[in-house]
Protein chains: 2
Amino acid sequence: MSANTSGGRTRLSPEQRRDQLLGMGVELFSNGSIEEISIDRLAEVAGVSRGLLYHYFGSKQGFYEAVVRHAADDLVAQTAPVDDPDLLVRLHRSVAAYVDYVVANEQGYRSLVRAAAGGNETLRQIYDEARFALTDRIFREDAAGDLIPDTPATRLVVRAWSSFAEEAVLSWCEQPRGIDRAGIVRIVADALPALVAAAG
Amino acid sequence: MSANTSGGRTRLSPEQRRDQLLGMGVELFSNGSIEEISIDRLAEVAGVSRGLLYHYFGSKQGFYEAVVRHAADDLVAQTAPVDDPDLLVRLHRSVAAYVDYVVANEQGYRSLVRAAAGGNETLRQIYDEARFALTDRIFREDAAGDLIPDTPATRLVVRAWSSFAEEAVLSWCEQPRGIDRAGIVRIVADALPALVAAAG
């Protein structure tokens with residue numbers, strides 16, 4: 001990113017400026033403080049005017065939603081399956097990346113789950129889209145259905161498994177109960193084929 | 001319940017009156033309308049004065065919370081394990097009762113989940129207590145650990161399984177995908193031993 005500074009303010013292209021503001025927002029999101037911070041304080045931290053923030057995002061709520069969308073895109077990107085011929089290896093790697101994402105963004109992730117469940121329609125949509133992206137690619141990854149045949153029942157199981165994964169990882173963050181990172185990854189990843197097999 | 005009527009109003013003991021109001025509230029809870037209804041309309045439907053409602057429950061919010069607690073107690077009572085020597089039979093019967101409860105109270109149950117997740121502290125506590133009652137008795141039922149040994153890891157798995165169950169049943173209510181009641185009961189009940197076995 002090329003930038004010139006002038007009088008304490010950084011000169012960036014509109015695109016760069018927007019990215020910088022979103023990056024700052026994602027940081028505030030990750031520690032759960034984005035909902036509490038005022039637009040004035042946001043502008044101050046970013047070294048821009050309130051007017052510029054409104055120009056880019058329309059409102060405080062608009063900024064919040066843009067940040068959450070950015071964070072959700074990060075989650076989907078960071079958990080993208082690696083290039084390995086073994087489906088189970090790809091599943092384990094994706095789950096490990098998911099665990100790492102939740103650990104790194106715990107407060108923000110909790111506030112997204114809360115806001116989505118609590119009835120904010122835009123946040124629920126972002127949350128649902130991210131969850132759909134995470135679960136749908138399981139079927140795309142396994143187009144032959146070697147591990148998980150694509151049926152209405154397995155679609156339901158995979159969706160409910162994502163709730164299992166979310167609860168298991170958030171609960172583990174709160175209270176690790178002597179389970180290490182490898183242990184929680186194994187519990188969550190191995191749960192999927194076990195659930196699919198049990199559902200017949 | 002013994003009652004005398006006088007001039008269109010029913011004479012009940014304070015205890016009976018409170019029960020009657022809670023029963024009415026649970027009905028409003030089950031169809032999801034309890035949050036929207038005004039205290040005036042509540043009093044009108046119940047045939048009591050606003051003052052009496054305040055006398056029993058302190059506030060609209062107090063009434064709402066008492067009703068949700070009542071509904072959560074019903075859930076725990078209705079899903080109590082039956083008397084059968086086979087642990088798996090008891091598990092299936094409990095899950096079947098849970099499915100029936102969610103079907104009968106779908107809108108109320110959704111609004112409880114939403115309110116608990118959305119940050120209402122009292123409702124979160126009622127929800128957590130009900131969930132703890134539902135999962136903890138799995139360990140009490142199986143004190144010898146024949147199906148589920150009581151370890152920190154299985155406690156985590158059972159807790160996350162309850163999120164799996166909730167998502168699976170609510171998702172099935174919304175879109176049955178050709179799965180009948182017996183099918184969803186089997187998917188949810190069989191998931192538990194499968195998850196415990198997978199977690200090793």
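The values are calculated or read from the model by the stated rules, or taken from the named source; none is laboratory data. The structure presented is a predicted model; accordingly, all values stated were derived computationally and were not measured. No Cβ is skipped: glycine too gets one built from the backbone with ideal geometry, and neighbour counts run over all protein chains shown. Accessible surface areas use protein heavy atoms only, side chains included; no ligands, DNA or RNA. Shrake-Rupley method; radii C 1.70, N 1.55, O 1.52, S 1.80 Å.
For chain A, set up a Gaussian network in which alpha carbons nearer than 10 Å are linked by springs, and say which option among A:A115, A:A130, A:A66 fluctuates the most.
A:A115
Averaged per residue, what accessible area in Å² does the protein assembly as shown show with a 1.4 Å probe, protein chains only? Could the numbers behind the result be given before it?
On the way: 19000 Å² over 400 residues.
That works out to 47 Å² per residue.
Once R0 is set to 35 Å, what does the formula 1/(1 + (r/R0)^6) return for the Cβ-Cβ distance between B:E27 and A:T122, expressed as a FRET efficiency to the nearest 0.05? If you can, show how the numbers build up before the last one.
Working: r = 33 Å, r/R0 = 0.93.
So, using R0 = 35 Å, E works out to roughly 0.60.
Any idea what log10 I(q)/I(0) is at q = 0.13, 0.20, 0.23 Å⁻¹ for segment A:34-95, Debye with uniform C-alpha scatterers and no solvent?
-0.51, -0.75, -0.89
Give me the percent of accessible area attributable to carbon and sulfur for the protein assembly as shown, probe 1.4 angstrom. Each step should come with its number before you reach the end.
Details: 9370 of 19000 Å².
Result for the protein assembly as shown: 49 percent of the exposed heavy-atom area is carbon or sulfur.
Just to verify a number: FRET efficiency for A:A104 and B:D180, C-beta to C-beta distance, R0 = 41 Å, to 0.05?
Values: r = 42 Å, r/R0 = 1.03.
So the FRET efficiency works out to roughly 0.45.
Which whole-number percentage describes the relative contact order of chain A, with Cα contacts under 8 Å and a sequence gap of 6 or more? Mind dumping the intermediate values first?
On the way: 163 pairs, mean separation 39.2, N = 200.
The value is 20 percent.
Quick one: putting +1 on the C-beta of Lys and Arg, -1 on the C-beta of Asp and Glu, what dipole do you get for segment B:91-200 around its Cα centre, in Debye to the nearest 20?
With only Lys, Arg, Asp and Glu charged at Cβ, the dipole is about 140 debye.
With just the Cα atoms defining each centre, how far is segment A:52-106 from segment B:50-100? Give it in Å.
Cα centroid to Cα centroid, the span is 37 Å.
So what is the 222 nm mean residue ellipticity for chain A from helices alone, if each DSSP H run of at least 4 adds -39500 (n - 2.57) and you divide by all residues, rounding to the nearest 500 deg cm²/dmol?
-24000 deg cm²/dmol
Can you list the GluC sites (Glu not before Pro) in segment A:4-101 that are in a DSSP coil and have 15 or fewer other beta carbons within 10 angstrom? Before the final figure, lay out each step's value.
On the way: sites: A:E15, A:E27, A:E35, A:E36, A:E44, A:E65; in loops: A:E35, A:E36.
Filter output for segment A:4-101: A:E35, A:E36.
Taking the Cβ-Cβ separation of B:V113 and A:H55 as r and a Förster radius of 51 Å, what is the calculated FRET efficiency to the nearest 0.05?
Details: r = 38 Å, r/R0 = 0.75.
Efficiency computed from Cβ-Cβ geometry: 0.85.
Report ³J(HN,Hα) in whole Hz for each residue of segment B:31-42, in order, from the Karplus equation J = 6.51 cos²θ - 1.76 cosθ + 1.60 where θ = phi - 60°; Gly and Pro get x.
9, x, 9, 5, 5, 8, 6, 7, 5, 5, 5, 4
Work out the length of the dipole vector of segment A:10-63 about its Cα centre, built from +1 on the beta-carbon of each Lys and Arg and -1 on the beta-carbon of each Asp and Glu, and round it to the nearest 20 debye. Please report the intermediate quantities before stating the final value.
Values: 6 positive and 7 negative charges, 45 e Å.
Its charge dipole is roughly 220 debye.
Within the set of other residues whose C-beta is less than 15 Å from the C-beta of B:H70, count the net charge using Lys and Arg as +1 and Asp and Glu as -1. Could the numbers behind the result be given before it?
Details: positive: B:R17, B:R18, B:R69; negative: B:E15, B:D19, B:E27, B:E65, B:D73, B:D74, B:E129.
Surrounding charge for B:H70 is -4.
Once Rh is set to the Kirkwood radius over Cα pairs, what Stokes-Einstein translational diffusion coefficient, in µm²/s, holds for chain A at a temperature of 25 °C and a viscosity of 0.890 mPa s? Each step should come with its number before you reach the end.
On the way: Rh = 18.6 Å.
Taking Rh from Cα pairs, D becomes 132 µm²/s.
Please compute, for the alpha-carbon atoms of segment B:10-63, the extent along each of the three principal axes and give them in descending order in Å.
28, 18, 17
So if I place +1 on the C-beta of Lys and Arg and -1 on the C-beta of Asp and Glu, and nothing else carries charge, what would the dipole magnitude of chain A be about its Cα centre? I want it in debye, nearest 20.
Dipole magnitude for chain A comes out near 520 debye.
List the relative contact order of segment A:79-198 as a percent without decimals, with contacts defined as Cα pairs under 8 Å and 6+ residues apart. Before the final figure, lay out the partial values.
Working: 76 pairs, mean separation 35.2, N = 120.
After rounding, I find 29 percent.
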